[in-house]
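Contents: one structure, followed by commentary.
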Amino acid sequence: MKNLLILGGGTAGTITANKLRRRLPAADWAITVVDADDNHRYQPGYLFLPFGTYSSTQLTRSRRKNLRKDVPLVYGEIDRVVADGNHVLLTDGQRLDYDVLIIATGVSPRPDQTEGMLGDQWRESVHEFYTYEGSVALARKLDTWAGGRLVINIVDMPIKCPVAPLEFAFLADSYFKDRGMRERVEMTYVTPLPGAFTKPIAAQAFGDTLKEKGISVEPDFMVMEVDNERRTLVSYDEREVPFDLLVTVPLNMGADYVARSGLGNEMNLVPVDKYTQQSREYDNIFALGDANDIPASKAGSVAHFEIDVFLENFQQYIAGQEMTHRFDGHANCFIETGDKKAMLIDFNYDWEPLPGRYPVAGIGPMSLLKKTHLNHMGKLAFRWMYWNILIPGRPMGLPPLMSTSGKRTDLVTAEK
Amino acid sequence: MPTTMINGHDVSVDDEGFMTVYDEWDEATGAALAQAIGVNMTDEHWQVIRFLRNDFKAQGATPTIRRVSTAGGVDTKKLFQLFPKKPAKKMAYIAGLPKPAGCV
């Protein structure tokens, strides 16, 4: 009997456990999941919480109940992985042995990594929406906010759901309009990237969306500190952006135990082969979902496609064969653009988001890179699909690798 | 795909002049690119550019400023001195790598 140990009962850990349990004979493989608590959150919902769209019960389910009954869940804080000894130590002293380890503990926002962010303005005029508590606190703040300078900021890449801060800006614009107070809010989008949009075709599709909505952009801005007294964001090149309300996306980092175990890079992400997600250092360790360092978006859709490819590779791995399946970095996501419309994008390591139809070439029903009401409905419907299809590991019917059919590949001049 | 003449060689570039083929770059090309954007290369500059080149080869993506500072050992303030105003963009440009990008 062999032990497969999965650290993390979130999106990647739960899907992997549920799908692998169906494939691996119970007589040969024990599958165990470890997590610190029982709250599995639907993280895409955090974007909507500040605007009063969702309630807590719609966004939280039991990790235990999301897992198949024949997959044990051990509650505990991970102290460290002893990779050379093939075991994991929990802070309560428990030792869990493994033959194969899957690290799926994701990334978390780390406001402590930016000077002044956790100062006396934290949760007063400095907010975030990347945690449940943060989104709820921001909802309360927005509900009574009289207006002023709203600054939306990304501290650094990579972050979970990289389009979320843009969506927040679009939704905030709609929210203030609905409340009849848009003219009392001055909005600025502050990003470390060269612009709000960096991919040429997507930039074209979004066109002047930000300008139309009266949102100004401060590009190439590397936050050095949050000055609480003057309520000002200060950059390394001494630019200053004053705010009355700052909605920031703090630095996103992998779990601290990854660093303690000597398994992480400078962001506590596990270096892996980008096609197989196998650790570059230990053959019997894989990192799935946000926890690894592949150059793809940190998003549930990536985890989902990645796991489908991983399952095929894993069968080969345990049979002692070479892993021949290659994950292509496929991601797709709905981007809320405000006014009950959304765009859909579909891309991978090699192809930037292009216009077209999805999932069926020429038919859709979804349109890629176009603002439609149907895409917005798709985004809202996805919560049901997440809990009832994705997390239980039922087939979504979407091929894991990205397809270029039905896409305007002629728009890209780069050689492929 | 457009090409341009840098340091006597034809190289492939994108619309903004960032080189698109990793192996078309060498240090002489890097020096010419630096000159074109007014950066006077010193040993400290080269240390950064070499880190970017090696890291891109290993990771498949242009490193962020934070990664250059923590994994490459040159702190962020210093990077802003070496490559004023837009270090991420300037470093990538000189190193012949894609500029740092988001997903849209």
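If I take every Cα pair under 8 Å that is 6 or more residues apart in chain A, average their sequence separation and divide by the length, what percent do I get for the relative contact order?
Once normalised by length, the contact order is 16 percent.
On a 0 to 90 degree scale, rounded to 10, what angle separates helix A:373-385 from the longest Cα axis of chain A?
Taking Cα atoms only, the helix is inclined about 40 degrees.
Taking the Kirkwood radius as the inverse of the mean 1/r across Cα pairs, report the Rg/Rh of region A:111-251.
Result: Rg/Rh = 0.94.
Residue farthest toward the positive end of the dipole of the protein assembly as shown, with Cβ of Lys/Arg at +1 and Asp/Glu at -1: which of A:Gly262, A:Phe286, B:Thr62?
A:Phe286
Using the 10 angstrom Cβ neighbour count as an exposure proxy, how do A:Tyr358, B:Tyr22 rank, fewest first?
Going from least to most buried by this count: B:Tyr22, A:Tyr358.
Return an integer: the convex hull volume of the alpha-carbon atoms of region B:1-53, in Å³ per residue.
77
Taking the Cβ of A:Met323 as the center, what net charge do the other residues with Cβ under 12 Å away carry, scoring Lys and Arg +1 and Asp and Glu -1?
Charge balance near A:Met323 sits at -3.
Near the amide H of A:Val74, under 5 Å away, which other amide H atoms are found, from residues 5 or more places off or on another chain, if H is placed in the peptide plane?
Placed amide hydrogens put A:Val33, A:Val34, A:Asp35 under 5 Å from A:Val74.
Amide H to amide H under 5 Å from A:His127: which residues, 5+ apart in sequence or cross-chain, H placed 1.01 Å off N in plane?
Correct list: A:Leu246, A:Val247, A:Thr248.
May I ask you to evaluate 6.51 cos²θ - 1.76 cosθ + 1.60, the Karplus curve with θ = phi - 60°, for each residue of region A:255-270 and list the ³J(HN,Hα) values in order in whole Hz, giving x for glycine and proline?
Per-residue couplings from phi come out as 5, 5, 5, 4, 5, 4, 8, x, 9, x, 8, 5, 9, 6, 8, 7 Hz.
Provide A:Tyr75, A:Tyr386, A:Tyr257 in ascending order of the number of other Cβ atoms located within 10 Å of each residue's Cβ, fewest first.
Lowest count first: A:Tyr75, A:Tyr386, A:Tyr257.
List the residues whose amide H sits under 5 Å from the amide H of A:Glu186, counting only those 5 or more places along or on another chain, with H placed 1.01 Å from N in the peptide plane.
Those qualifying (amide H under 5 Å, at least 5 residues apart or on another chain) are A:Gly148, A:Arg149, A:Leu150.
Under a Cβ-only charge scheme (Lys and Arg +1, Asp and Glu -1), can you give me the dipole magnitude of region A:251-304 about the Cα centre, in debye to the nearest 20?
It comes to approximately 100 debye.
With no solvent and one point on each alpha carbon, what is the Debye value of log10 I(q)/I(0) for region A:28-180 at q = 0.10, 0.18 Å⁻¹?
-0.50, -1.15
About the Cα centre, and with charges only on the beta carbon of Lys, Arg (+1) and Asp, Glu (-1), how big is the dipole of region B:3-95? Nearest 20 debye, please.
The dipole of region B:3-95 has a size of about 580 debye.
From the Cα gyration tensor of region A:331-411, with a ≥ b ≥ c the square roots of its eigenvalues, which class applies: rounded if a/c is under 1.5, or else prolate if a/b is larger than b/c, or else oblate?
Oblate, because a/c is 1.5 or more while a/b does not exceed b/c.
Checking the cross-link filter: which aspartates and glutamates have an alpha carbon closer than 16 Å to that of A:Lys2, excluding same-chain neighbours under 8 positions apart?
In chain and number order, the partners are A:Asp28, A:Asp70, A:Asp97, A:Asp99, A:Asp283.
Need one value for A:190-198: mean number of C-beta atoms belonging to other chains within 10 Å of its residues' C-beta atoms.
Mean shielding by partner chains, rounded to a whole number: 4.
So what's region A:1-45 giving for Cα Rg divided by 2.2 N^0.38 Å, two decimals?
For region A:1-45, the normalised Cα radius of gyration comes out at 1.26.
Give me the three principal axis extents of chain A from the C-alpha atoms, as integers in angstrom, largest value leading.
Per principal axis, max minus min of the Cα coordinates gives 66, 52, 40 Å.
Restricting things to alpha carbons, tell me how big region B:3-95 is in terms of Rg and Dmax, in Å.
12.5, 36
So which of A:Lys199/A:Lys370; A:Lys199/A:Lys340; A:Lys371/A:Lys407 end up more than 18 Å apart by C-alpha?
Flagged as over cut-off: A:Lys199/A:Lys340.
Rounded, prolate or oblate: pick one for region A:207-246, where a ≥ b ≥ c are the square roots of the eigenvalues of its C-alpha gyration tensor, a/c under 1.5 means rounded, and failing that, prolate if a/b is larger than b/c, else oblate.
Oblate shape, in that a/c is at least 1.5 and b/c is the bigger or equal ratio.
Please compute, for the alpha-carbon atoms of region A:168-248, the extent along each of the three principal axes and give them in descending order in Å.
34, 34, 14
Please state the charge dipole magnitude for region B:29-82, taken about the Cα centre, from unit charges on C-beta atoms (+1 on K and R, -1 on D and E), reported in debye and rounded to the nearest 20.
Approximately 160 debye in magnitude.
May I ask for the longest run of chain A untouched by GluC sites (Glu not before Pro) that are loop-located per DSSP and have at most 11 neighbouring C-beta atoms (other than their own) within 10 Å?
Answer - A:1-228.
Please arrange A:Leu380, A:Leu90, A:Leu150 by counting, for each residue, the other beta carbons lying within 10 Å of its beta carbon, fewest first.
A:Leu380, A:Leu90, A:Leu150
We did not get these values from a lab; they are worked out from the coordinates using the rules stated. Note that the structure is predicted; figures quoted are calculated from it, not measured. Every residue, glycine among them, receives a Cβ derived from its backbone with ideal geometry; neighbour counts consider all protein chains shown.
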